[in-house]
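Asks: Sharing a structure with you now.
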Amino acid sequence: MKWEGQRQSSNVEDRRGAGGGFGLGGRSIGIGSVVIALIGGWVLGVNPLTLLGMLSGDGAPVSGQAAPAGPPPANDRAAAFVSTVLASTEDVWAGVLQQHGMSYTPARLTLFRGATPTACGRGQSAMGPFYCPADRHVYIDLGFFDTLERRLGAPGDFAQAYVIAHEVGHHVQHLLGLTERVDQMRRAGSEAEANAASVRLELQADCFAGVWAHHSQQARGWLETGDVEEALNAASQIGDDTLQRRSQGTVVPESFTHGSSEQRVAWFRRGMENGSLQRCDTFVTREP
């Protein structure tokens, strides 16, 4: 992925200087527990915040203020990569939404280590990258990319870019009012219906990531041989069935919250091949 020299977003703040590690108020959390919580949240449909509370012995409510944050250091290559991908999402979604008579308000992206206060509760590294609609921030502990490569088997810079684009896809859903719609569906339905609604929301974010990939490639021509395969592999490796099989040896489809590997790959591919917002409506298809 030829990303160096491209525009970087100014909507990135760096909280990594506010302390490190995985200390969460109880006993410290090592990478083994982090992976357990990360996979457990995806597999079981349990909020990773709850899992981390149990693992750390920290059941206290969220408190505290975010540390003062400025832009990341200019010589930080990983942060520069994230800033470049975020800038591309800004350019793409401004153009796509303009075609539909809407304006795009960019998300902000916060780099942190271990844990950080958010408007959605205390964010944890074990959640992986996540989006908080209450403050319109994407939160990323860059250590997740090591987990993505070494523990989940999805290496490559375009795999990382797919992850960022997926979270920005949640931001687009929020701007379009889709997040609130799904939250209402979750509250009104059974647990199985709530899980099914979550799957459709996540698959749509995958499709939106594909829309970004389509238009960013048209604008920048920055993909190289093997890049698309990296993103498709990442989508496959974080499918609910793959994670369940890896962690517990069995697959329980009714507990899915993000979609199967096949579904995640298919919806990302759909967005990437046509670049159409309308083709990403996972809520009108009989089978996601």
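Computed from the coordinates by the stated procedures, all read-outs in this text should not be read as laboratory data. Owing to the predicted nature of the structure, the values given are computational and were not obtained by experimental measurement. For neighbour counting, all protein chains shown are included, and Cβ atoms are generated from backbone atoms with ideal geometry for every residue, glycine included.
Asks: So if I average 1/r over every pair of distinct C-alpha atoms in region 192-269 and take the inverse, what Kirkwood radius in Å does that give?
Replies: The answer is 13.2 Å.
Asks: Please give the net charge around TRP3, taking every other residue with its beta carbon less than 11 angstrom from that of TRP3, where Lys and Arg add +1 and Asp and Glu add -1.
Replies: For residues surrounding TRP3, the net value is 0.
Asks: How big is the Kirkwood radius of region 146-288, worked out from every pair of different alpha carbons and given in Å to one decimal?
Replies: So the Kirkwood estimate lands at 15.4 Å.
Asks: Rank-order 192-199, 73-80 by packing density, defined as the average count of other C-beta atoms within 10 Å over each peptide's residues, highest first.
Replies: Those peptides, ordered most packed to least, come out 192-199, 73-80.
Asks: Once both labels are modelled 7 Å past Cα along the beta-carbon direction, what's the GLU273-ALA94 spacing in nm?
Replies: Spacing of the two 7 Å Cα→Cβ label points: 3.1 nm.
Asks: Now for a separate question. Where does the Debye-calculated log10 I(q)/I(0) of region 60-202 sit at q = 0.15, 0.18, 0.22 Å⁻¹, using only Cα point scatterers of equal weight, no solvent?
Replies: -0.88, -1.21, -1.48
Asks: Now, a different point. Mind ranking 86-92, 240-246, 273-279 by how tightly packed they are, going by the mean number of other C-beta atoms within 10 angstrom, highest first?
Replies: By packing density, highest mean first, the sequence is 86-92, 240-246, 273-279.
Asks: A further question on this structure: Which chymotrypsin sites (Phe, Trp or Tyr not before Pro) in region 191-284 pass both tests, a DSSP loop state and at most 16 other beta-carbon atoms within 10 Å?
Replies: Taking region 191-284 and a limit of 16 other Cβ atoms within 10 Å, the loop chymotrypsin sites (Phe, Trp or Tyr not before Pro) found are PHE283.
Asks: What whole number of Å gives the distance from the Cα centroid of region 204-243 to the Cα centroid of region 112-182?
Replies: 15 Å
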